[in-house]
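The next block holds one structure in the form of structure tokens; read it before the comments.
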Amino acid sequence: MKQLFFAGLLYLALAPIAAAQTENWPQFRGAQVDGLGQGVTLPDKWSTIENVVWKTELPGWGWSSPVIWDKRVFVTAAVHDGPRDKMFAGGYPGGFVKPTDVHRWMIFCLDFDTGKIVWQREAHQGAPPQPRHPRNSYASETPVTDGERVYAYFADIGVFCYDLAGKPLWEKRWDSYRIRGGWGTGISPVLHRDRLFIVNDNENSSFMVALDKKTGKQIWRVERAEKSNWATPFIWQNDFRTEIVTIGTNRARSYDLDGKLLWELAGTSGLVSQIPMSKHGLLYLGAGYHYGPLYAIRPGASGDISLKEGATSNKWIAWSQPRGSSIHPGYLISGERLFVLFDAGLLACSNAKTGATIFPRERLNTGGGRFYASPWAYNGNVFLLNEDGTTWVVEDGPKFKLLRKNKLDDFAWATPAIARGSLFIRTYTKLYRLQKKT
């Protein structure tokens with residue numbers, strides 16, 4: 001009895017510690033889609049050798065983020081024979097490339113402890129059906145897992161479901177569609193309960209579809225009056241209901257779980273890449289290109305909630321900033337601080353509840369690479385990864401304070417992942433597992 005008593009005390013003592021560590025990272029930006037991690041061994045400094053548990057050379061390339069469940073790390077890539085494409089930093093020029101050689105669309109499963117590839121599966125082989133931007137990839141959509149299955153999605157090809165041992169369970173293919181500028185795709189799938197939701201915004205026939213996650217059977221499909229976009233949908237579970245929030249070229253829209261339109265908001269821009277997020281009972285979404293508006297939206301809305309000309313709030317919009325949105329990186333909310341990272345290397349901070357400025361745009365870099373990965377935070381630090389592979393570490397506080405820079409000497413666009421006391425950064429050629437050495 002005494003042993004059971006002390007065992008119970010030990011369990012109660014250790015439970016808060018175990019709960020304080022981010023265990024799994026099942027989708028883009030994590031389980032809560034907020035980029036926040038917890039764990040005493042998460043590193044605040046690293047290099048190509050410092051605090052590196054392992055680094056694994058990845059075949060092919062892709063800008064999908066890794067997802068982690070237990071001892072498995074999943075990542076997708078497009079592989080082709082011959083040398084890698086030459087990457088370059090600085091700016092986002094137009095144009096496209098249309099390879100004609102055979103590519104293989106792959107999903108890899110790596111061992112969490114060693115970084116070794118446990119299994120790999122080829123979803124598709126052939127010449128790419130559509131062009132892409134010279135710096136985009138054919139594997140830019142982040143996979144998603146529920147701990148039983150992993151779903152690899154390639155917008156030009158389809159979605160492929162495997163169990164965690166790599167056994168193919170089902171696949172659903174569809175036509176490829178023309179994307180604005182020939183720039184390629186990048187909208188990741190999302191899971192909620194028994195459904196997998198996919199948005200495919202393109203120049204021909206934009207749509208959102210709900211699939212049965214166990215069988216791949218289509219449950220519903222709605223057409224979208226949109227053109228090409230790159231913004232991943234967000235499952236918003238609020239006090240009133242659960243919604244699927246999407247951002248488009250023309251409007252932000254919210255749907256119920258059966259695809260019925262709930263509300264819409266005009267005022268978005270022609271290029272949208274950020275995933276919305278939620279904190280403090282509000283929904284945060286931005287309008288993207290050319291420093292568009294940033295909105296904080298209350299739950300329960302219906303119909304058209306667009307602002308009247310000159311207004312910054314209404315019944316459903318708690319506050320907005322007319323030029324508060326970035327183009328590519330998502331937002332980060334830590335406590336009541338909302339951080340916005342702008343592509344050109346500027347960081348701003350506002351009060352997430354009121355929109356009031358905490359500190360205005362501060363410049364991170366002068367002449368360095370741009371920022372495309374979304375920021376993340378843990379242990380009192382905010383981390384900002386630029387395309388040169390340099391992570392700027394800023395104090396998570398009311399004043400801008402640059403603490404250090406960590407460099408990996410490789411091109412980087414993918415948003416990192418956090419799980420089990422480790423940080424995972426994908427570069428152009430490698431996947432790093434980083435952890436503070438104790």
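The values are calculated or read from the model by the stated rules, or taken from the named source; none is laboratory data. Just so we're clear, the structure is a prediction, and the values are computed from it rather than from any experiment. As a convention, Cβ positions derive from the backbone with ideal geometry for all residues, glycine included, and neighbour counts pool all protein chains shown.
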(request) Residues being touching a Pro at 6+ places or on another chain (Cβ under 7 Å), in a strand (DSSP E or B) and closer than 17 Å to Ala356 by Cβ: count how many of those fall in region 278-301. (result) 1
(request) Tell me, yes or no, whether region 332-339 has at least one residue that is closer than 22 Å to Gly286 by Cα, modelled with pLDDT of 95 or more and surrounded by fewer than 16 Cβ atoms within 10 Å (Cβ to Cβ). (result) yes
(message) Looking at region 219-245 only, could you name the residues that are surrounded by fewer than 19 Cβ atoms within 10 Å (Cβ to Cβ) and in contact with a strand residue (DSSP E or B) (Cβ under 6 Å, 6 or more places away or on another chain)?
(response) Ile219, Trp220, Arg221, Val222, Glu223
(request) Please go through region 49-70 and pick out each residue that is farther than 12 Å from Ile107 by Cα and over 21 Å from the mean Cα position of the chain (by Cα). (result) Ile49, Glu50, Asn51, Val52, Val53, Trp54, Lys55, Thr56, Glu57
(message) Step by step: first the residues of region 139-155, then only those that are touching a Phe, Trp or Tyr at 6+ places or on another chain (Cβ under 7 Å) and assigned to a loop (DSSP other than H, G, I, E, B), then the one that is nearest to His80 (Cα to Cα). Which residue is that?
(response) Ala139
(message) I'm told Ser326 meets every condition in (1) in a loop (DSSP other than H, G, I, E, B); (2) polar (S, T, N, Q); (3) farther than 17 Å from Phe234 by Cβ except one. Can you identify the failing condition by its number?
(response) (3)
(request) Tell me, yes or no, whether region 120-129 has at least one residue that is in contact with a His (Cβ under 8 Å, 6 or more places away or on another chain) and outside any strand (DSSP E or B). (result) yes
(message) Out of Ala344, Ala348, I need the residue that is more than 26 Å from Ala31 (Cβ to Cβ), outside any loop (DSSP other than H, G, I, E, B) and of a type in the set (A, V, I, L, M, F, W, C). Which one?
(response) Ala348
(request) Mind counting the residues in region 395-438 that are without any contact (Cβ under 8 Å) to a residue 24 or more places away in the chain, out of contact with any Phe, Trp or Tyr (no Cβ under 8 Å at 6 or more places or on another chain) and of a type in the set (Lys, Arg)? (result) 1
(request) Examine region 208-221 for a residue that is within 23 Å of the chain's Cα centre (by Cα), in a loop (DSSP other than H, G, I, E, B) and touching a residue at least 60 places away in the same chain (Cβ under 8 Å), and state whether such a residue exists. (result) yes
(request) Evaluate region 409-421: report whether one residue or more is surrounded by 22 or more Cβ atoms within 10 Å (Cβ to Cβ), more than 20 Å from Gly288 (Cα to Cα), among the small types (Gly, Ala, Ser) and in contact with a Lys or Arg (Cβ under 9 Å, 6 or more places away or on another chain). (result) yes
(request) Would you be able to say whether some residue in region 337-356 is among the acidic types (Asp, Glu) and over 25 Å from Lys45 (Cβ atoms)? (result) no
(message) Criterion first (crowded, with 22+ Cβ neighbours inside 10 Å and under 21 Å from the mean Cα position of the chain (by Cα)) does Phe160 satisfy it?
(response) yes
(request) Name the residue, out of Thr100, Thr185, Thr145, that is among the polar types (S, T, N, Q) and either at pLDDT below 95 or over 23 Å from the mean Cα position of the chain (by Cα) (or both). (result) Thr100
(request) Quick one: which residue in Ala78, Ala155 is in contact (Cβ under 8 Å) with a residue 40 or more places away in the chain and either surrounded by fewer than 16 Cβ atoms within 10 Å (Cβ to Cβ) or farther than 22 Å from Pro329 by Cβ (or both)? (result) Ala78
(message) If Ser273 satisfies all but one of (1) closer than 30 Å to Gln130 by Cα; (2) touching a Pro at 6+ places or on another chain (Cβ under 8 Å); (3) in contact (Cβ under 8 Å) with a residue 60 or more places away in the chain, what's the number of the condition it fails?
(response) (2)
(request) Mind counting the residues in region 67-87 that are in a strand (DSSP E or B) and either touching an Asp or Glu at 6+ places or on another chain (Cβ under 8 Å) or more than 18 Å from Arg132 (Cβ to Cβ) (or both)? (result) 9
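Rundown of residues vs (1) within 26 Å of Gly335 (Cα to Cα); (2) modelled with pLDDT under 95; (3) touching a helix residue (DSSP H, G or I) at 6+ places or on another chain (Cβ under 7 Å); (4) surrounded by fewer than 16 Cβ atoms within 10 Å (Cβ to Cβ), yes/no style:
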| site | (1), (2), (3), (4) |
| --- | --- |
| Leu10 | no, yes, no, yes |
| Thr41 | yes, no, no, no |
| Lys45 | yes, no, no, yes |
| Lys71 | no, no, no, yes |
| Met87 | no, yes, no, no |
| Phe108 | no, no, no, no |
| Phe112 | no, no, no, no |
